[in-house]
Each structure stands twice: as structure tokens, then as C-alpha cells.
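Take a look at the structure below.
The values are calculated or read from the model by the stated rules, or taken from the named source; none is laboratory data. As the structure is a prediction and not an experimental result, all values here were calculated from the model. Using ideal geometry, Cβ is built from the backbone for each residue, glycine included, and neighbour counts are taken over all protein chains shown.
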Amino acid sequence: MHTYGLIGFPLKHSFSSKFFTEKFAREGVEAEYLNFEIEDILQLREVILFNQHLRGLNVTIPYKEQVIPFLNEITPEAQRIGAVNTIKIEREPGNMYFYHLTGYNTDYVGFKKSIEPLIRPGLHKKALILGTGGASKAVRQVFEEMNIPWKYVSRTGSDERFTYNEIDEAVLLEHKIVVNCSPIGTFPKDEECPDIPYRFLTHEHLLYDLIYNPSETLFLKKGKAQGATIKNGAEMLELQALAAWEIWSKQ
């Protein structure tokens, strides 16, 4: 029986484990999906060596960028993005110490397919990306390919990013898409939200939160109260998981 799994830290509320366990049961797939909560990316080697039936991994916070040096190969798309969230593990029969790791980015696929139907070309011309972690890089790549200028928002500023203190009415008027790629607002800390001036949001804004638990974060609630279009990360997660399974199940 093949094993698949997720590496990250912490992994208290994992979508992937439930999704794949139910998928395998529903489709009669002889496989299991396990969570590997590792405190250091160096533990990746142990996970692979001690789980000889492991054929694929999902990668979540904080390892989407840290994992890259441990891979034998990375797809051009993941290379451009600069982050990996799916690994295919190929083993040499009879040699437990030899394996080949290929890195992919399926966050990109999930985000693109889920946000495209909501984009109104004449209105949604610029985007703000809240947070600068691994997932934000896939979001950035999607906007670049859609020819939508974007700016990061983080605690520290630079030429390509705003600080949260710089987000005012003028910035929000210009940037009608706001995507939260930070973990702020995730259960159990669901009374928190990114520090932007929500009072300046309008019915022309699109707020997208990569968080899926809770299904309506405070970030989305505040946007909804201003009439903005809102969407959480549940569909993106499902789409990226299906894309990962397609990679793993191809021989």
C-alpha cells in the first residue's frame, strides 16, 4: 500500500489529510495519507527513509521555500514561482537509500482556477498581496500571467511592497483585488485579521483569503460588510490537491 503525506509545522488543522483519506475510501484507492509534523526541514530525510512506501508529499507552512535545496529536480513553473507545495518521490527498488525528489507547485493551479471567474477585467486592474510567504509567490505568478500589476504588503517595506501603515484610501481605491496569503485569522485565532483600513473597501473590491478555516474569516466578514465580493481558500485547496494527486498517480 502506498503512502502519501503532508510536511509542515504545526499541522493541527490539516485539510489534506481529511481530503485524501475520504478520496481514497470513496474511490477504493489502496493508500493512506499521513501528517508529518516536523520542527525542522532537515527531518525531511528521516520522513522519507523511515516511510518506505511514501510516494508523495504536500508541503505547507513554513517549508514551501525551505524544501527546495533538498530536491533533485524542480519543474520550471515551480522554479519561476520560487516555492514548492507538492513533491513526487520515486524510489529505486531494493535500495532504501536511493530516491529521487521532484518539486511542483500546484498552489498556482488552484489559485488561478478559483479566482479567474471572479475577475472583472475593466474593474480589477491591480492587486495587493498580504504576506510574503511561499503561497504568496504562487499568487504573484498568477497575477503576472494575467497582466494584473501587484504589490506585496508586509511589516517591512521595499520597492515592490507596501507596509501595512501605507495602506490608505488612495491605495485601496487603486487596488481593487486584495488577497490574504498570511496566516492571520486562522482558527483558533479567528478574531484576528490583517491590519488594513476596511472602511475604504467598496462593492467594487474583491477579497480573497487563502485561509479555509474558518470558512469566513474576519478579513472576509469585514469586506462583505462593505459590499465587497469575497472568497475563501477551500476551492483552491481542493483544486491544488487534485492536481497533486494527478502528479503522484502518473507512473
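A single member of THR60, THR3 is in contact with a His (Cβ under 7 Å, 6 or more places away or on another chain), surrounded by 13 or more Cβ atoms within 10 Å (Cβ to Cβ) and β-branched (Val, Ile, Thr), and it is THR3. In the condition set (1) within 30 Å of HIS205 (Cβ to Cβ); (2) not assigned by TED's automatic domain parsing to the domain that holds ILE230, SER114 is compliant with all but (2).
Residue count for the stretch 45-80 under the criterion of being aliphatic (A, V, I, L, M), closer than 27 Å to GLN141 by Cα and at pLDDT 95 or above: the result is 7.
Tallying residues that are exposed (fewer than 10 other Cβ atoms within 10 Å of the Cβ) and on the phi < 0 side of the Ramachandran plot within the stretch 26-39 yields 4.
Conditions tested, residue by residue: (1) crowded, with 16+ Cβ neighbours inside 10 Å; (2) farther than 15 Å from LEU130 by Cα; (3) within 21 Å of the chain's Cα centre (by Cα).
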residue	(1), (2), (3)
SER158	no, no, no
ARG161	yes, no, yes
TYR164	no, no, no
GLY185	yes, no, yes
TYR198	yes, no, no
GLU204	no, yes, no
ASP209	yes, no, yes
LYS224	no, yes, no
GLY233	yes, no, yes
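Only one of the numbered conditions (1) in contact with a helix residue (DSSP H, G or I) (Cβ under 9 Å, 6 or more places away or on another chain); (2) farther than 15 Å from SER249 by Cβ; (3) not aliphatic (A, V, I, L, M) is violated by ARG55, and that is (2). Here GLU246 fulfils each of the conditions (1) surrounded by 21 or more Cβ atoms within 10 Å (Cβ to Cβ); (2) assigned to a helix (DSSP H, G or I) apart from (1).
Within the stretch 161-185, can you find the residues that are in contact with a Phe, Trp or Tyr (Cβ under 6 Å, 6 or more places away or on another chain) and either over 15 Å from PHE111 (Cβ atoms) or charged (D, E, K, R) (or both)? Hits for the stretch 161-185 are ARG161, GLU169, LEU172, GLY185.
Every listed requirement among (1) farther than 26 Å from ASP190 by Cα; (2) within 22 Å of the chain's Cα centre (by Cα) is met by ILE48 save one, (2). Of all the numbered requirements in (1) modelled with pLDDT of 95 or more; (2) not in a helix (DSSP H, G or I), LEU239 misses one, and that requirement is (2). Each residue in the stretch 116-155 was checked for being part of a helix (DSSP H, G or I) and out of contact with any helix residue (DSSP H, G or I) (no Cβ under 6 Å at 6 or more places or on another chain), and 9 pass.
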